[in-house]
Structures are given as structure tokens and as C-alpha cells.
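The values are calculated or read from the model by the stated rules, or taken from the named source; none is laboratory data. Quick caveat, the model's predicted, so the values are computed rather than measured. Positions of Cβ are generated from backbone atoms using ideal geometry, with glycine treated the same way; all protein chains shown enter the neighbour counts. Surface areas here come from the heavy atoms of the whole protein model, side chains and all, with no ligands, DNA or RNA. Shrake-Rupley method; radii C 1.70, N 1.55, O 1.52, S 1.80 Å.
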Amino acid sequence: MTHPAHADQILAWYDHNRRRLPWRAEPGEIADPYSVWLSEVMLQQTTVQTVADYYRRFLARWPTVQDLAQAPLDAVLTEWAGLGYYARARNLHKCAAMVVARHRGVFPSNEAALRLLPGIGDYTAAAIAAIAFDRPAAVMDGNIERVVSRLFAVEDPLPAAKPRLKILVTDLTPQARPGDYAQAMMDLGAMVCTPRRPTCGLCPVSGACIARISDDPERFPVKTAKPDKPTRYGAVFWLVRKDGAVLLRRREEKGLLGGMMEVPGTEWRDTPPTAPLADAPLKLEWQKLDASVRHTFTHFHLELQIYRGAVGLGDPKLGTWITPDRFGEVAVPTLFRKVAKAVFGK
DNA sequence: TACGCGTGGTA
DNA sequence: TTACCAAGCGT
């Protein structure tokens, strides 16, 4: 280990500042692999606060990996709706089935085997091995990248510097309590060594931190600039049946919002649609609403115009007809919940 | 390797 | 308002 005292200081800090999180075991206990896996997948690029309620609902509805494997995919997507990155939900379901079919319902305990399961990458494999199986796996997420890049004042920009940071983390990770160490480093990054205005006065290893000693710690990690997001435009068709039900369709399995339900609409292009009604599901009197919807995805902004139309009997071949008060029962992502909200004037 | 992939909170 | 960021993964 590069700094023998480092891990002890981190663990001591963790023992005194331990956060109680729904998926976290009591001190001295080891969390069960299913809970760790479920929480870690939900936490990929997603905040602790957002995940907490979803995690509780999933665990209550599907208490074991067998329960989740037997659930219909659509039920999983519905519970996941609003959490984003929907490939995670599809891979979660697939992974559960593989654990049942290939591993007799027992999660493998080593990184290499975990890494073969869908939705489990380097980070999640190491996290499960360390947290659920007490294996000395080197865990590196965005928090730990930041902590380590500051500890060593790494000037190489991310993401190119990740392999080097991983070597540093591997060197730092202790043989004893590796799961607690990983969670401690992530908590440290989330609570003390924050992206902006880190509170170095509360940090257990500030004395060893090169960024803290020699420079402005906020300068790290150095990152390469990201390209700015373009804006795309489209229109959606809010088609209401006489009984108030609205037409939804299932999106393709792959790609953006894959497998989720949508309000039918035009394609999204770099300029506003000139003849949107050509793409409407039916030829009828469409009324353009004043309200529009703006939504930002990972790599572009989207602006949708809304057209409203009415029919007497809705043809089931057009898609699924469902009243807006029941959108919670189907897999409607946030974008189209925003559309519903705009139609009703917020 | 670089990009596609959601959403909500924060400054 | 805009930009950035959060317990990354798949291709």
C-alpha cells in the first residue's frame, strides 16, 4: 500500500459518519448480494435521494432474484419509469434470469463472473464483490475518481486518466473491510470531497492530499471539455377517445427510451417540423396547443409541440388506450408525463 | 475509443 | 437560464 495509514483513516471516518441508507447493512453485517446488486444498478449515474424510493418499491414487490426473474419485463419497466437509462431495467431483468438459470439463483462472488452478467460493468462487479462478498476488489466510481485525483493531484484529464486512477485505487484498497472502504470513499466524495467547495477541514486524509497542500483542490479532477448539446424539435399527437382515454404506443426495444410507452409523434429533427400533421396517427381536426414541452436528454435538448385531437371509438390497432390518471400503471417515461402535464395546463 | 443513453438537483 | 453533475454500461 502506498500510504499505510490511509485506509485506517478512511475507515475510522466512515465508522463515525456512516450514512443509513436503505440498502446498507448494519455495522458489522454483510448486505445480501441481491440488495447490493439492485441498489448498485439503480445508483449508476443516479443520485442516492432519487434511488431510495425506487429501491424500496422494487424490493417490496420482488424480494428475491427469483421473483424479479419471473416478473414480466413490462412490470419492471413500469416500476423503473422515471428513473432513466432504461437499458438498465432491461438488463436488470435479463441479469436476474441469468442468475437463476446459470447460477441457481445465487450471485457469483468474484468480479470476473459478475462482469459477464448484463448491466454489470467494472464498477458494479467490484462493488458487489467488495460489499456483498468481502472481496478486496478495487472499486472506482465518479466519487472515488475525484477523491483519488485530488489525493495525488493527477493532472491528466478524465476520462483518459481512468486506467491510471484505477491503479492508484487498487494500490490503496485494503485487504480488510474492502466493502466498507469502498463505501467510505464514495461517501467521502459525496459528503466532503465534493465537486465544488470541498470541505477539506472535515477530510480524514487532507494531510496527505497533494491537491489540498499544493493547490486549489477544486481544480481536480481535470476533465476534457464536453461538446455542447444541440436542440431537436418534434410534435406529439394527444388523441383523446370519448371516454377520456389517450393513445399511447410502445417504443422500439433498443435506443432512446427503448421499450417504454410514448405519446405518438413525429420524428425529432434539427429544425421544427414544417408539416407535422402528415405524421399524425389519424387524419382529423388537430388543434395545436399553446403549451409545448422542453426536455433535456444526455446529449440533446428536445422541444415538442403538442396537437390535440378527438375520436369517438379508439381503434385498438393504433396502440394502447389509457386514461391519463392511469399513466402510473404503464411504462411512461418522464418526457411523456411532461406532455400530459402540459396538456392539462400543469 | 467515443458516443448514446434520462432525470432531477444545484449554483 | 444554462451548465454541470450523480455509486456507469454497452457497443
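Rounded to the nearest 10 Å², what accessible area does A:I131 have for a 1.4 Å probe in the complete protein model?
20
Projecting each Cα onto the charge dipole of chain A (Lys/Arg +1, Asp/Glu -1 at the beta carbon, about the Cα centre), which of A:Q70, A:F220, A:L304 comes out farthest on the positive side?
A:L304
What does the extension gain come out to for A:D315 and A:K338, with contour length at 0.36 nm per residue minus their alpha carbon separation?
Length difference between fully extended and current span is 5.8 nm.
Could you work out the equivalent-ellipsoid semi-axes for chain A, taking the square root of 5 times each eigenvalue of the Cα gyration tensor, largest first, in whole Å?
Values: eigenvalues 388, 126, 51 Å².
With the √(5λ) rule applied to chain A, the semi-axes are 44, 25, 16 Å.
Can you give the FRET efficiency to the nearest 0.05 for A:N110 and A:Q44, using r as the Cβ-Cβ distance and R₀ = 30 Å?
Efficiency computed from Cβ-Cβ geometry: 0.90.
Please arrange A:M261, A:M140 by accessible surface area, largest first, computed with a 1.4 Å probe and ligands excluded.
Order by accessible area, largest first: A:M140, A:M261.
Within region A:237-270, whose backbone N sits under 18 Å from a point 7 Å along Cα→Cβ of A:L73?
A:249-262
Counting other Cβ atoms within 10 Å of each Cβ, which trypsin sites (Lys or Arg not before Pro) in region A:115-203 have at most 14 and sit in a DSSP loop?
The qualifying sites are A:R196.
Compute the separation of the alpha-carbon centres of region A:68-91 and region A:188-246 and state it in Å as a whole number.
Spelled out, the Cα-based centre of one part sits 25 Å from the other.
Given a 1.4 angstrom probe, what's the average accessible area per residue across region A:4-219, in square angstrom?
46
Using the crude model of +1 on Lys and Arg Cβ and -1 on Asp and Glu Cβ, and no other charge, please compute the dipole size for region A:263-346 relative to its Cα centre, in debye to 20. Let's see the in-between values first.
On the way: 11 positive and 9 negative charges, 41 e Å.
The calculated dipole for region A:263-346 is roughly 200 debye.
What residue among A:S149, A:G345, A:T231 has its Cα farthest toward the positive end of the dipole of chain A, where the charges are +1 on Lys, Arg and -1 on Asp, Glu, each on the Cβ?
Of A:S149, A:G345, A:T231, it is A:G345.
If you count only protein heavy atoms and use a 1.4 Å probe, how large is the accessible surface of A:R326, to the nearest 10 Å²?
Number for this one is 110 Å².
Angle check, please: helix A:4-17 long axis (alpha carbons) against the longest principal axis of chain A (alpha carbons), in degrees 0 to 90, nearest 10.
Orientation of helix A:4-17: about 50 degrees from the principal axis.
Using a 1.4 angstrom probe on the protein heavy atoms only, could you order A:C203, A:C95 from most to least accessible area?
Greatest to least solvent exposure: A:C203, A:C95.
Each label point is 7 Å from the Cα along the Cα-to-Cβ direction; what then is the distance between the points at A:T271 and A:D325, in nm?
Going from the A:T271 label point to the A:D325 one covers 4.4 nm.
To the nearest 20 debye, what is the magnitude of the charge dipole of chain A about its Cα centre, counting +1 on the Cβ of each Lys and Arg and -1 on the Cβ of each Asp and Glu?
So the dipole magnitude of chain A works out to roughly 800 debye.
Can you send over the carbon and sulfur percentage of the accessible area for chain A, probe radius 1.4 Å, protein chains only?
Here carbon and sulfur together make up 52 percent of the probe-accessible area.
Beta carbons within 10 angstrom, averaged per residue: use that to sort the peptides A:298-304, A:330-336, highest first.
Result, highest mean first: A:330-336, A:298-304.
Between A:P324, A:L43, A:V169, whose Cα lies farthest towards the positive end of the dipole of chain A when Lys and Arg beta carbons carry +1 and Asp and Glu beta carbons carry -1, centred on the Cα centre?
Farthest towards the positive pole: A:P324.
By how many degrees, 0 to 90 and rounded to 10, does the Cα axis of helix A:178-191 deviate from the longest principal axis of chain A?
70
In degrees from 0 to 90, rounded to the nearest 10, what is the angle of the helix A:33-43 Cα long axis to the longest principal axis of chain A?
That works out to roughly 70 degrees.
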